[in-house]
Amino acid sequence: MIDGLNKLIEEAVKEGIFPGANYSLIVKGKKYFGSFGAKALLPIKEENSLDTLYDMASVSKVLSTTTCAMLLLERGLLRLDDLVITYLPEFKQPEITIWDLMTHSSGLPPIVPGFQDKDKKAIIETIYNIETKYPKNTQIIYSCVGYIVLGFVIEKITGQTLDVFAKENIFKPLDMQDTFYNPKDVKRCATTEQRGDKFDRGYVHDEVCNILDGRAGNSGVFSTVKDMANFMEMILNNGKFKNQTYFSKPVIDLLFTSQIEEPNHLSKRTSKRGLGWILQGRYSPSGDLASANTIMHTGFTGTHLFIDKDNQIAFCLLSNRVHPSRDNNKIIAWRAKVGNYIIGQMA
């Protein structure tokens, strides 16, 4: 079964779905890892390894920002129904709550308008004064802006920058030694996009996060599949890792609870979201066979993970599909196919 999975990924490299990829897989407590292809093709080819650091892109939203928010909730420092202005009085949308941000139903736009011409100060000012695009809780519109705001809230409550709080309260306790914002060892990083005559490597691909010093609620984390296995194991084990409890079971259960759904005409395959996480439903990157008790997320650079609680299976794939160009979108359909193989052969 593992040989079949490896073959699927090897074929994906040959087909140009991504230059290279690493995976971690947990099946009923047993861990598997694999490394394929190249971490860079240009300007010179560099072979991949399990120690390669990948830009997690929007997987940062669940790995770091959502997890930080749930820690604060569990510690009695945050409530889902709290208004954002409770913590950020300068925010000009008085009716938006933490729940709205975490379910991507706040009405905030997907990206910061005009970010290309803004510096850090101007971006923050734009976010605080931003207008909504639709009445809140009427649609699910994925919003990086909403998660940047959530990152600001976390920093205000904790008095620490997001990267420091995440390191001290998530990454270090879970023995995720190679997970951080702003990696120092550039040579270990997979190269992402070619922009002009330069290649993005060692700094976050997301432009707005880059301007915000490489740490924001929407993006910025770099990690390895070995570290991601620790994170997934903790969730599969109802908040426990190496006999230590990092989350209570009610918090983990809440992550798997549907918060908002968007119908698709007559189909019962609705688009579903929990708190930060995508739930099993329409167009799920986990495929068609994962149980209803599955959470997942994707990242623009070519990363994704899913955690199927009923089948006790978790899978994370890290790739640099945007190298050398973001125009390569072959991974979108491929994710579900590899998910089908994993659940179909290993559940």
_P(r) histogram, all alpha-carbon pairs of the range 1-92 included - 5 Å bins from 0, percent_ = 3, 10, 13, 15, 14, 11, 7, 7, 10, 8, 1
*Give the share of C-alpha pairs in each 5 angstrom bin for the range 68-183, from 0 to the last occupied bin, in whole percents, shortest bins first.*
2, 11, 20, 22, 19, 15, 8, 3, 0
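Across the range 78-144, how large is the tail of the calculated P(r) beyond 14 Å, expressed as a percent of all Cα pairs?
Details: 1275 of 2211 pairs.
When every Cα pair of the range 78-144 is considered, 58 percent fall beyond 14 Å.
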*At what distance in angstrom do the alpha carbon centres of the range 47-65 and the range 118-135 lie from each other?*
27
*Stokes-Einstein at 10 °C, 1.306 mPa s, Kirkwood radius from Cα pairs: D for the chain in µm² s⁻¹?*
79
*Using a 10 Å Cβ count of at most 14 others and DSSP loop calls, identify the longest part of the chain lacking such GluC sites (Glu not before Pro).*
132-347
*Between GLU262 and LYS121, 0.36 nm times their residue separation minus their Cα-Cα distance comes to what?*
47.2 nm
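With a cut-off of 8 Å between alpha carbons and a minimum separation of six or more residues, what is the relative contact order of the chain in percent? Each step should come with its number before you reach the end.
Details: 730 pairs, mean separation 79.9, N = 347.
After rounding, I find 23 percent.
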*Determine the gain in length on full extension of the stretch ASP3-THR245; use 0.36 nm per residue of separation and subtract their C-alpha separation, reporting nm with one decimal.*
83.7 nm
*Mind checking which lysines have their C-alpha under 17 Å from LYS242, skipping anything on the same chain fewer than 8 residues away?*
LYS28, LYS30, LYS31, LYS172, LYS226
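Pairs of Cα atoms under 8 Å, at least six residues apart: use those to get the relative contact order of the range 185-327, whole percent.
Numbers: 227 pairs, mean separation 28.0, N = 143.
Relative contact order of the range 185-327: 20 percent.
For the chain, what does the accessible surface come to per residue with a 1.4 Å probe? Please give it in Å². If you can, show how the numbers build up before the last one.
Details: 14660 Å² over 347 residues.
Here the residues of the chain average 42 Å² of exposed surface.
Percent of accessible area on the range 114-260 owned by carbon and sulfur, 1.4 Å probe?
Numbers: 3210 of 6680 Å².
C and S atoms contribute 48 percent here.
Consider all pairwise Cα distances in the range 212-267 and report the whole-number % of them above 16 Å. If you can, show how the numbers build up before the last one.
Working: 980 of 1540 pairs.
In whole percent, the long-distance tail amounts to 64.
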*Roughly how many whole Å is it from the C-alpha centroid of the range 189-238 to that of the range 162-176?*
15
_I need the calculated FRET efficiency for the pair ALA333 and LYS187, taking r as the beta carbon distance and R₀ as 30 Å, to the nearest 0.05._
0.40
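The values are calculated or read from the model by the stated rules, or taken from the named source; none is laboratory data. Note that this is a predicted model, so its numbers are computed, not measured. Because the Cβ atoms are built from the backbone with ideal geometry, glycine has one as well, and the counts that use them run over all protein chains shown. All accessible areas refer to the heavy atoms of the entire protein, side chains included, with ligands and DNA or RNA removed. Shrake-Rupley method; radii C 1.70, N 1.55, O 1.52, S 1.80 Å.
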